[in-house]
Amino acid sequence: MAVGRSGAGKTTLAQTLAREAYDHNLSVVTIDAKDDAAYFLTAYPATLLIGPSTPIPVLEVPSWLSRAEYKRLITKVLRRTWWGGQGTDQVGGESMDVAYRTHDHPSIEDWRNSLLGLRHKGDTYNRVDRIDATAAKLAQLIDRYPGIGKTPAGSGLHLDLLCTSSMYFGFRIHTEVEDFLTTWLLELRLAHHRAQNIRALDTLTLIDESVLLLHENTITETASIAPTFPLLREFGIACLTTTNNYRSLPDAVKSNTTTHCVLAMSDAREQRAVCDTIGLDTNQREYLATKLAPGTFILKTAGEWQFPVLTKFDEVRTAKHISPNEWRAAEERTNQHARTAPPVHLAPREECESTGQPTPSQTTAPSASPPSRVAPVVENTTPPNTRKAALNKHCAAVMHDVDEHHLTLTTPCFHRCNVRLSEGDRAKTLLTNIGFLESHRVRTGAGRGKTGSALRLTPAGWAWLGRKPPKGTRGAGVQHEFVVHELARRIPRSTIETLGADLVIAYNTAEHQQLQNALQTLKAGTIALNDGDLVALECEVSAASKTAPCNVARDAGFALTIIATMAETEKLQRTFAETDRVMVVDVLRLLDTLREER
Ligand SMILES: Nc1ncnc2c1ncn2[C@@H]1O[C@H](COP(=O)(O)OP(=O)(O)O)[C@@H](O)[C@H]1O
Ligand SMILES: [Mg+2]
């Protein structure tokens, strides 16, 4: 982070570092709201230009994510950048399901139409309001970025390209649409790097003027990218930000900044705040306040160098703007990567699955670029033999539902598939017999008889869907995997198996009221955290008193660790009674309570 008053040289320094990153073959993602870095496009021609006509299929599910995971990613970005909290991501998620169900290769335009199609008589005011507001924002996006709004899945730029190339996203007008697109681009790259387990420094994101994305957005009360900050660094994505308003940055950003470049400052309160963070002594503070010359800054970096260093940087005069021709050339260079439109389906998909007729092999010649995995139906990448099995409507519905709800219990699954118990059971039995599905008896809640069947697709089942199974949890057995996924489904902002914990929760007072109440009800204690703090939740199914202490030790970096155990709750509560950063709760009772809290 480069901190300093306006005109202190932050942009000059930041761009010097960005050019350095380019020279080191790092991927540089530039978010430019001040239109003073466009020359990167001509200086580094491989840089993709993200602009109004760039064809990006936002609704295309990347091959390295399940559709459920991708839907969660998009609804998370929605929630963080478009007001409305749960209401918005509720209707956003539902309409995405409709778009995927009714379009082989949906575009954002299809999504918007599906959203408007959700309106029904008798809807609550709040729901109608969320539908209209979200549809209006999508309309703005489609209107101002037609290349992004109208490109169907399977065509345009391949999403992997957006996760591995340098990019320049410049805009003169900064609205929630730009927030959405920028946050989506960064969250997508993070998801890609996580899926590919890229940990070494691979990307530098330049966010010149932190007011973008990093400051609490007064409406959504969240800072679009701040909660993701710690994760970005974990997966090889560095952030270079500049700010002339240090104090109003969210804690998650301040506490995760490892290198401070302090340029001339004019506001005493700002000076004090920064000096406190980097630990300057009195003389050094005096020097900063009175003697720091243009072209110099105080460098304080975490790790090996314990002390601050006075550093010079050159004044590099660059022609910031590029000509319209150069802009068009950059557009062409970017758009030449676009794939042609995907193959058109001859028969509506539903029909195929319910007729029971073997699906006629009418696939057309595969398109040049890697296939997109939008609709798990007729894909010319799946090995020919699995395509033979045509399933009836109920079976297909169950397959898709379990794809989205890994280890779901049968009842909610049949409910979502709109099938009666008997029909659901028949479908489940058939799918189990043909080896596409397996069900596991699991404990679902505390007390007698609280067990159920958790459904999971088999590798053959995934192959039939033409998809890759999601990353399994640490092989600690189905019961463990079940409670982790059940908790993930009930706790907003939670992600499975990141940063080494079963579940990581980016704490938010408003959204985690339910969790807070549940923990209080179970006398496990009260969460006293700031928004953005990270909570680790570890599920202990067997040998809790052995594994819990290790997990607690490993999770030392988290603000709080919740041990959700199936056994020895009291013993573990005594073990961790002294420390306030560990909470122990009975996981099954927690699930029961979260279900009741709804
Ligand atoms: N290393 C430097 N040495 C001397 N002057 C500089 C240096 N960097 C920038 N400046 C001067 O400061 C002005 C503002 O720089 P800029 O990077 O845009 O500041 P900021 O982004 O902090 O507003 C520049 O126009 C330039 O004249
Ligand atoms: Mg600047």
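The values are calculated or read from the model by the stated rules, or taken from the named source; none is laboratory data. Keep in mind that what you see is a predicted model, and the values were worked out from it rather than measured. Quick reminder, even Gly has a Cβ in these numbers, built from the backbone with ideal geometry, and neighbours come from all protein chains shown. Remember, those area values only see protein heavy atoms, side chains included, never the ligands or the DNA or RNA. Shrake-Rupley method; radii C 1.70, N 1.55, O 1.52, S 1.80 Å.
Somewhere in segment 544-555, is a residue among the small types (G, A, S), open to solvent by 30 Å² or more (accessible area, probe 1.4 Å) and farther than 24 Å from A252 by Cα?
yes
For segment 11-49, name all the residues that are under 16 Å from I322 (Cβ atoms), more than 13 Å from ligand 2 (Cβ to nearest atom), out of contact with any helix residue (DSSP H, G or I) (no Cβ under 7 Å at 6 or more places or on another chain) and assigned to a loop (DSSP other than H, G, I, E, B).
Selection gives A38, Y39, A46.
When you go through (1) more than 16 Å from ligand 2 (Cβ to nearest atom); (2) assigned to a loop (DSSP other than H, G, I, E, B); (3) without any contact (Cβ under 8 Å) to a residue 60 or more places away in the chain one by one for P57, which number turns out not to apply?
Answer for P57: the failing condition is (3).
Confirm whether A136 is among the small types (G, A, S) and open to solvent by 20 Å² or more (accessible area, probe 1.4 Å).
When the stated conditions are applied, A136 passes them.
So, in segment 300-333, how many residues would count as being of a type in the set (D, E, K, R) and touching a residue at least 24 places away in the same chain (Cβ under 8 Å)?
7
Looking at segment 500-513, I want the residues that are in a loop (DSSP other than H, G, I, E, B) and have a partner that is of a type in the set (D, E) with Cβ atoms under 9 Å, at least 6 apart or on another chain. Which pairs are those?
G500/D555; Y507/D531; Y507/D533; N508/E221; N508/D531; T509/D531; A510/E221; A510/D531
Quickly run through segment 454-470 and pick out the residues that are modelled with pLDDT of 85 or more and open to solvent by 20 Å² or more (accessible area, probe 1.4 Å).
Listed by number, the residues that qualify are R456, P459, A460, A463, W464.
Out of curiosity, is K450 at pLDDT below 90 and under 16 Å from H400 (Cα atoms)?
No; evaluated as a whole, the condition is false for this residue.
Within segment 81-129, can you find the residues that are farther than 17 Å from I148 by Cα and in contact with a His (Cβ under 7 Å, 6 or more places away or on another chain)?
D104
Here's a check for you: in segment 222-239, which residue that is buried (at least 22 other Cβ atoms within 10 Å of the Cβ) and part of a strand (DSSP E or B) is farthest from ligand 2 (Cβ to nearest atom)?
T222
Could you list all residues from segment 436-445 that are open to solvent by 30 Å² or more (accessible area, probe 1.4 Å) and part of a loop (DSSP other than H, G, I, E, B)?
Of everything in segment 436-445, nothing turns out to be open to solvent by 30 Å² or more (accessible area, probe 1.4 Å) and part of a loop (DSSP other than H, G, I, E, B).
Which residue is nearest to ligand 1 (Cβ to nearest atom), if the candidates are limited to segment 247-260 and must be touching a Gly at 6+ places or on another chain (Cβ under 9 Å) and open to solvent by less than 20 Å² (accessible area, probe 1.4 Å)?
V253
Determine which single condition I148 fails, assuming it passes every other condition in (1) open to solvent by less than 30 Å² (accessible area, probe 1.4 Å); (2) more than 23 Å from P45 (Cβ to Cβ); (3) not assigned by TED's automatic domain parsing to the domain that holds A33.
Every condition holds for I148 apart from (2).
Looking for whichever is in contact with a helix residue (DSSP H, G or I) (Cβ under 8 Å, 6 or more places away or on another chain) and either modelled with pLDDT of 95 or more or closer than 20 Å to K300 by Cβ (or both) here; the options are V177, V253. Which one fits?
Only one candidate passes the filter, namely V253.
Report yes if some residue within segment 277-290 is within 24 Å of P250 (Cα to Cα), exposed (fewer than 10 other Cβ atoms within 10 Å of the Cβ) and away from ligand 2 (no atom under 16 Å from the Cβ); otherwise report no.
No: segment 277-290 contains no residue that is within 24 Å of P250 (Cα to Cα), exposed (fewer than 10 other Cβ atoms within 10 Å of the Cβ) and away from ligand 2 (no atom under 16 Å from the Cβ).
Quick one: how many residues across segment 517-547 are farther than 17 Å from G500 by Cα and of a type in the set (D, E)?
Within segment 517-547, residues that are farther than 17 Å from G500 by Cα and of a type in the set (D, E) number 1.
Determine whether T495 is open to solvent by 30 Å² or more (accessible area, probe 1.4 Å), within 25 Å of T228 (Cβ to Cβ), of a type in the set (V, I, T) and in a strand (DSSP E or B).
Here the answer is yes, as T495 does meet what is asked.
From the residues in segment 283-317 that are within 33 Å of the chain's Cα centre (by Cα) and assigned to a strand (DSSP E or B), which one is nearest to ligand 1 (Cβ to nearest atom)?
Among them, the one singled out is L299.
K320 versus (1) exposed (fewer than 13 other Cβ atoms within 10 Å of the Cβ); (2) within 16 Å of ligand 1 (Cβ to nearest atom); (3) basic (K, R): which is the lone unmet condition?
(1)
Conditions (1) within 16 Å of ligand 1 (Cβ to nearest atom); (2) assigned by TED's automatic domain parsing to the domain that holds N245; (3) among the aliphatic types (A, V, I, L, M), marked per residue:
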residue	(1), (2), (3)
M1	yes, yes, yes
Y22	no, yes, no
F40	yes, yes, no
L59	no, no, yes
K76	no, no, no
T88	no, no, no
Y100	no, no, no
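From the residues in segment 514-532 that are open to solvent by less than 70 Å² (accessible area, probe 1.4 Å) and touching a residue at least 60 places away in the same chain (Cβ under 8 Å), which one is nearest to the chain's Cα centre (by Cα)?
G532
State which residue pairs qualify: first residue among the β-branched types (V, I, T) and inside segment 234-251, second residue away from ligand 2 (no atom under 16 Å from the Cβ) in any location, beta carbons under 6 Å apart, and separation of 6 or more residues or different chains.
Correct list of pairs: I237/T203.
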